[in-house]
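Student: Before we start, here is the structure in question, set down as structure tokens.
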Amino acid sequence: MVKYPVEVGKDEVKAAGIGLPISTKNTVLICKKINRMELNKAKRFLQEMMERRRNIKGRYYNKTCNGIMEILESAEKNAEYKGIENPVIRTISVEKGPVRRRMKRRRSFGSFLKNTNIKIILKKGKKKGVKNEHKK
């Protein structure tokens, strides 16, 4: 059972990626940028980073963007199933994941591999419509 940082309401959906082989430090940096964004804008932001049209501090973080994109797509499918329109990222949290070891490398000591846990909660966004013009 995955514990989420906040309570999940009736009109919200959740998704998680546990033990993803990506850097926790880079994931935190990207998730700070996409937190509270609309889901479509967040996906477009990550897509532009993977296509090298946008960067953060001169770096593109391609592998990290792929991992986050998988979780966003999973959350989007959960939102479609529950009937949520225009989902917005309510919370996205990143934690250090379980440590994996690759044995018998670097002489006989082995090496440690990076793992990250990502948890996301989407809420219902505001409806997009035509703005009402005020009558004078």
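The values are calculated or read from the model by the stated rules, or taken from the named source; none is laboratory data. Computed from a predicted model, the values in this text were never measured in an experiment. When we count neighbours, we look across all protein chains shown, and the Cβ atoms used for this are built from the backbone with ideal geometry, even at glycine.
Student: What residue, of S93, S74, is in contact with a Pro (Cβ under 8 Å, 6 or more places away or on another chain) and either in contact (Cβ under 8 Å) with a residue 40 or more places away in the chain or of a type in the set (F, W, Y) (or both)?
Tutor: Unique residue meeting the criteria: S93.
Student: Now a separate question. Hey, could you check region 85-108 for residues that are more than 22 Å from I22 (Cβ to Cβ) and more than 18 Å from the chain's Cα centre (by Cα) and say which is modelled with the highest pLDDT?
Tutor: If we take residues in region 85-108 being more than 22 Å from I22 (Cβ to Cβ) and more than 18 Å from the chain's Cα centre (by Cα), then E85 is modelled with the highest pLDDT.
Student: So which residues in region 1-14 are assigned to a loop (DSSP other than H, G, I, E, B), touching a residue at least 12 places away in the same chain (Cβ under 8 Å) and closer than 30 Å to R100 by Cα, if there are any at all?
Tutor: Within region 1-14, V2, Y4, P5, V6 qualify.
Student: I would also like to ask the following. Taking R59, is it surrounded by 13 or more Cβ atoms within 10 Å (Cβ to Cβ), among the charged types (D, E, K, R) and more than 10 Å from the chain's Cα centre (by Cα)? Break it down into steps so the answer makes sense when it comes.
Tutor: Working: surrounded by 13 or more Cβ atoms within 10 Å (Cβ to Cβ): no; among the charged types (D, E, K, R): yes; more than 10 Å from the chain's Cα centre (by Cα): yes.
No, not satisfied.
Student: In region 109-132, what count of residues is obtained for those that are among the small types (G, A, S) and either touching a Phe, Trp or Tyr at 6+ places or on another chain (Cβ under 9 Å) or at pLDDT 75 or above (or both)?
Tutor: Going through region 109-132 one residue at a time, the tally reaches 2.
Student: Within region 1-11, take every residue that is of a type in the set (D, E, K, R) and farther than 24 Å from N66 by Cα and give me the one that is farthest from the chain's Cα centre (by Cα).
Tutor: For region 1-11, the residue satisfying everything is K10.
Student: Among the residues of region 30-50, write down those that are assigned to a helix (DSSP H, G or I) and within 11 Å of the chain's Cα centre (by Cα).
Tutor: I30, C31, K32, K33, I34, L39, A42, K43, L46
Student: Does C31 satisfy the condition of being at pLDDT 95 or above and more than 16 Å from K14 (Cβ to Cβ)?
Tutor: For C31, the condition - at pLDDT 95 or above and more than 16 Å from K14 (Cβ to Cβ) - is not met.
Student: Also, quick follow-up: I need a count of the residues in region 1-52 that are touching a Gly at 6+ places or on another chain (Cβ under 8 Å), under 23 Å from K128 (Cα atoms) and exposed (fewer than 14 other Cβ atoms within 10 Å of the Cβ).
Tutor: Matching residues across region 1-52 total 0.
Student: Anything in region 15-45 that is over 30 Å from R101 (Cβ atoms) and not β-branched (V, I, T)? List them, or say none.
Tutor: The answer is K33, N35, R36, M37, E38, L39, N40, K41, A42, K43, R44, F45.
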